[in-house]
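A.B. asks: Encoded as structure tokens, here's the structure I'll be asking about.
The values are calculated or read from the model by the stated rules, or taken from the named source; none is laboratory data. This one's a predicted model, so the numbers in the text were calculated from it and none came from an experiment. In this analysis, Cβ positions are derived from the backbone assuming ideal geometry, glycine residues included, and neighbour counts consider all displayed protein chains.
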Amino acid sequence: MSLVDTIMLGRLPNSALAMASAALAQVLFNTLCFGVGGVLLGLDTLISQALGAREQTQANRWLLHGLVMAVALSAVLLALFGFGPGLMRLMPVDKQILNVAIPAMQGLNYGTLPLLLYFTLRRYLQATNHGRPIAIALISANLVNAAGDWLLIFGHRWTLLGHVFAVPAFGVVGSSWSTSFARFYLMVVLAVAMWWLDRKHQYGLRGVSRTIELQHLRRLFLLGAPAGASIFVEIGIFALVTSLIASFGSHALAGHEVALQCASTTFMVPFAISSATSVRVGHAIGRMRTGAATVANAAAAGWSGIGAGAAFMLAASLVMLTMPEHIARIFTPDKGVIAAAVPLLVIASGFQFFDGIQINATGALRGAGNTTTGLLTQLVCYWVIGMPLGYLLGFKMHMGAAGLWWGLLIALTGAAIVLGTAWHRTLRTL
């Protein structure tokens, strides 16, 4: 959705300002929302291991507690976003960018609860091997978002049966409203799919006990919190890099947004594979409880996920390396933005492969119930090593945005090596 938003905003008259404002709003919203909401990733382990051990009722109970947790986390996020505008005003960023980014982030906030409820429902569906409803929901939601962008970003006027209808141009803010509506649509589609699948396969969701147990919520939080913190650490470094690049001006920030959208979009493929990897490893470990599987099954699930994610990202890196200018032109005709984006796309091509390894190794570890190794690894690689080096290159050695991106490349390379090794060692302890 962010990719389509950015491409459409790149067609506005002052595209650099629009893209820069959207970049700031999206990265700040995503850092908080996916960091706090990442607690729900603990459901991958709990639901998939329960299903692997043929404990359907227990899996249903975890879904119920996941939905309760999603509502509670949404309340926390709404409170945090309430302080957002005041804190953003303190950032050393061009006031023109802030004046657009703040209402855009508030527009994204409308989709917080639907997004976390969708996130919870998705964990259950993918653990029960129902990927098709998720794919249908995502593809159609992107079409809904694209239509909303067309309607709300540019504004339109038409006559029907003698009556004039007009929708004003809301620009970046309209794009954020469209995204929030699409996320509400996502939640509704998955809820309907879950109701239909429960009737068809008799999962027993309608008969599950409605009693909420604090020990279940506590276990979910303790398992999911490190996973959420890991996402917060990873997205947080991109948020900090975005904020620092904002001090270089709108063209530098818009170029960064182009490269970031490309890297984020390719990342979604290994991120999805990491969910599948987590589920398959969890299934294998659940079957090990009943003697129906061995460590070899868990190892095969983990390594094939890591290999698939790395292979896709290697192909993505070749595309970014060989045609960065063509990719940048898809987003905007602004030559200043294109010139700022090209070197960052080349650097991004260097860390694609390692990004594919680290996220899928994290998924494999999560399926095995290990959510702390990923957090500790990313804390050290991103914030202790990558960020200081990026700041040194970007500001002290005057490499600008490219220097900060070199810090990201170093961080992701280190994380891939450490997490791949951690998964190898984990297999010895299963």
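A.B. asks: Can you give me the number of residues within the stretch 382-430 that are within 30 Å of GLY291 (Cβ to Cβ) and hydroxyl-bearing (Ser, Thr, Tyr)?
C.D. replies: 3
A.B. asks: Out of the residues in the stretch 348-396 that are of a type in the set (Val, Ile, Thr) and crowded, with 23+ Cβ neighbours inside 10 Å, state the one that is nearest to MET268 (Cα to Cα).
C.D. replies: Among those that are of a type in the set (Val, Ile, Thr) and crowded, with 23+ Cβ neighbours inside 10 Å, it is ILE359.
A.B. asks: Just to be sure before I move on: is ALA311 of a type outside the set (S, T, N, Q), within 21 Å of the chain's Cα centre (by Cα) and either at pLDDT below 95 or not in a helix (DSSP H, G or I) (or both) in the structure I sent?
C.D. replies: No, not satisfied.
Residue by residue, here is whether (1) of a type in the set (A, V, I, L, M); (2) crowded, with 24+ Cβ neighbours inside 10 Å holds:
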position	(1), (2)
HIS216	no, no
PHE221	no, no
ALA229	yes, no
GLU234	no, yes
THR242	no, no
GLY255	no, yes
ALA259	yes, yes
CYS262	no, yes
SER278	no, yes
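A.B. asks: Still on this structure, I have one more. Of all the residues that make up the stretch 2-16, how many are in a loop (DSSP other than H, G, I, E, B) and surrounded by fewer than 21 Cβ atoms within 10 Å (Cβ to Cβ)?
C.D. replies: Total meeting the criteria: 4.
A.B. asks: Let me ask something additional. Can you name the number of the only condition in (1) surrounded by 18 or more Cβ atoms within 10 Å (Cβ to Cβ); (2) at positive phi that ARG54 fails?
C.D. replies: (1)
A.B. asks: Here's another thing I want to ask about it. Test each condition in (1) under 25 Å from LEU3 (Cα atoms); (2) in contact with a Pro (Cβ under 6 Å, 6 or more places away or on another chain); (3) modelled with pLDDT of 95 or more for GLY155 and report the one that comes out false.
C.D. replies: So the condition that GLY155 fails would be (3).
A.B. asks: Conditions first: (1) over 28 Å from the mean Cα position of the chain (by Cα); (2) among the aromatic types (Phe, Trp, Tyr); (3) outside any strand (DSSP E or B); (4) modelled with pLDDT under 90. PHE165 passes all but one, so which condition is the exception?
C.D. replies: With (1) over 28 Å from the mean Cα position of the chain (by Cα); (2) among the aromatic types (Phe, Trp, Tyr); (3) outside any strand (DSSP E or B); (4) modelled with pLDDT under 90 applied to PHE165, the lone miss is (3).
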